[in-house]
Amino acid sequence: MQRGQQAQAELGAEVCTGVDIALTRVFELLGKRWTGLIVAVLTQRAAYYADLRRSLPKISERMLSDRLSELADAGLVVREVDEGPPLRVTYRLTEAGLGLGPALHELGLWAETYLLGGIDAAGDLEGPCAGAQSSPSRPQQPEIV
């Protein structure tokens with residue numbers, strides 16, 4: 001093996017051994033499209049399915065349902081059926097889900113600092129939450145119903 005190839009192989013081995021398993025698991029779940037935004041909406045308050053759809057109008061019903069099921073399977077969201085009529089389903093974060101609030105807040109601060117002029121997620125939103133911005137100095141406290 002040539003010297004350059006050997007150095008590259010050694011460097012590659014060092015880089016790959018540093019992958020954090022916990023972060024890998026987090027990004028496998030929260031890195032999916034819409035998942036982080038769903039959690040962010042639920043950190044503000046528990047919500048009916050229809051309210052989640054209005055908060056994220058570009059998400060399809062199937063995608064919202066799939067993501068909520070994944071979050072419930074991961075122990076981050078609880079699905080509660082309110083007997084009707086009308087039959088309504090409420091989603092709220094568990095203690096583990098609420099624990100993501102400070103991390104999401106910090107990610108928001110990071111985005112405001114380093115992604116200015118970049119991705120404009122608020123521009124993709126419509127409806128009552130369009131263009132809403134939280135205060136970077138104070139994270140919103142979740143309302144537990």
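The values are calculated or read from the model by the stated rules, or taken from the named source; none is laboratory data. Please read these numbers as outputs of a predicted model, since none were measured by experiment. Cβ coordinates were reconstructed from backbone atoms using ideal geometry, including for glycine residues, and neighbour counts include every protein chain displayed. The accessibility values were calculated without ligands, DNA or RNA, using every heavy atom of the protein model including side chains. Shrake-Rupley method; radii C 1.70, N 1.55, O 1.52, S 1.80 Å.
Can you give the accessible area per residue of the stretch 38-95, in Å², using a 1.4 Å probe?
Value returned for the stretch 38-95: 54 Å² of accessible area per residue.
Could you please tell me the mean projected area of the C-alpha convex hull for the stretch 43-116, averaged over all directions and given in square nanometres to one decimal?
5.9 nm²
For ALA22 and ALA50, what is the calculated FRET efficiency with R₀ set at 30 Å and r taken between the beta-carbons, to the nearest 0.05?
0.30
In whole Hz, what ³J(HN,Hα) sequence does the stretch 103-114 give by Karplus (6.51, -1.76, 1.60; θ = phi - 60°), x for Gly and Pro?
Ordered by residue, 3J(HN,Hα) equals 5, 5, 4, 5, 4, x, 5, 4, 4, 5, 7, 9 Hz.
Once phi is turned into θ = phi - 60°, what whole-Hz ³J(HN,Hα) does the Karplus curve with 6.51, -1.76 and 1.60 give for every residue of the stretch 40-46, x standing for Gly and Pro?
Coupling constants for the stretch 40-46: 4, 5, 6, 6, 7, 5, 5 Hz.
Tell me which residues come under 5 Å, amide H to amide H, from ARG45 once H is placed; ignore anything under 5 positions away on its chain.
GLU143
Please give the contour-minus-distance gain from THR90 to ASP73: 0.36 nm per residue of separation, less the Cα-Cα distance, rounded to one decimal in nm.
4.5 nm
Leaving out ligands, DNA and RNA, and with a 1.4 Å probe, what % of the accessible surface on the stretch 18-65 is carbon or sulfur?
Carbon and sulfur: 56 percent of the exposed surface of the stretch 18-65.
Amide H of VAL89: which non-local residues (sequence gap of 5 or more, or other chain) have their own amide H closer than 5 Å, using H built in the peptide plane?
TYR49, ASP82
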